[in-house]
Ligand SMILES: [Zn+2]
Ligand SMILES: [Zn+2]
């Protein structure tokens, strides 16, 4: 399988995951032309995308999905509540491209099985996804206020995990966000801090396999890439997790494709 974070962060998210003959996007939260450009930059033909799976209706996850679906006739998958909430924001979608899936379900797109799970976030039906093909697993879990047992259960055996490392708690507390927004981000249905991300990784460490961990959905205002990386790196090391052998950490860029990984 192949993984590439096209964009990741509070300004827009889109993740490309593929097998030999299936190509999936998780979210399309930038203008259609930005997603087009990112796919071409990694030598992928946008017209060959088989499906787009949406995690939740916040604009940083859906901004370009209508444009991309109309331009290349690509089906969009998400749960009914999310559909109802995002449909007024994304323009007209062809009937045959509106695909409603259940939460906690498995959807087969050619040779990839896409498993959906609940995430604790302030949206109408937020979900994360694990993509499974020929014994390999890739998970995407961002926009979650807490690392729940359900998220843990779904992502723990994955070969590649994109996990949220949204903010530094001190930067957020003393930063420019208005108080209600600070409370929202810090709440159990907000976003995962760098420390919480690291603790989640400690929680799922399994020395029997090497995992590639991509830290994603970094805040532009309340985090620095170096700080996110160093915080996670230090906590893993304190817990005797080898960052060469057990968990190889990298960062997903906010504004360009990164972390092209093949397993
Ligand atoms: Zn969100
Ligand atoms: Zn988001």
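The residues of the range 86-100 that are in contact with a strand residue (DSSP E or B) (Cβ under 9 Å, 6 or more places away or on another chain), away from ligand 1 (no atom under 14 Å from the Cβ) and either closer than 22 Å to residue 143 by Cβ or not in a helix (DSSP H, G or I) (or both), listed by number, are 87, 90, 93, 98, 99, 100.
Taking strands (runs of 3 or more DSSP E) as the structural unit, those lying wholly within the range 158-263 and holding at least 1 residues that are within 16 Å of ligand 2 (Cβ to nearest atom) correspond to 160-164, 211-216.
Applying a threshold of 6 Å to beta carbon distances and a minimum spacing of six or more residues, or different chains, the list of pairs starting in the range 132-154 at a residue that is under 15 Å from residue 103 (Cβ atoms) and away from ligand 1 (no atom under 16 Å from the Cβ) and ending at one that is in a strand (DSSP E or B) and modelled with pLDDT of 95 or more reads 150/117; 150/118; 154/117; 154/130. If the condition is being under 20 Å from residue 47 (Cβ atoms) and exposed (fewer than 13 other Cβ atoms within 10 Å of the Cβ), then the range 66-94 contributes 73, 91, 92, 94.
Summed over the range 10-19, the residues that are over 13 Å from residue 67 (Cβ atoms) and either assigned to a strand (DSSP E or B) or modelled with pLDDT under 95 (or both) give a count of 6.
The values are calculated or read from the model by the stated rules, or taken from the named source; none is laboratory data. Since the model is a prediction, treat every value here as computed from it, not as a measurement. Neighbour counts are summed over all protein chains in view; Cβ atoms, including those assigned to glycine, are modelled from backbone coordinates with ideal geometry.
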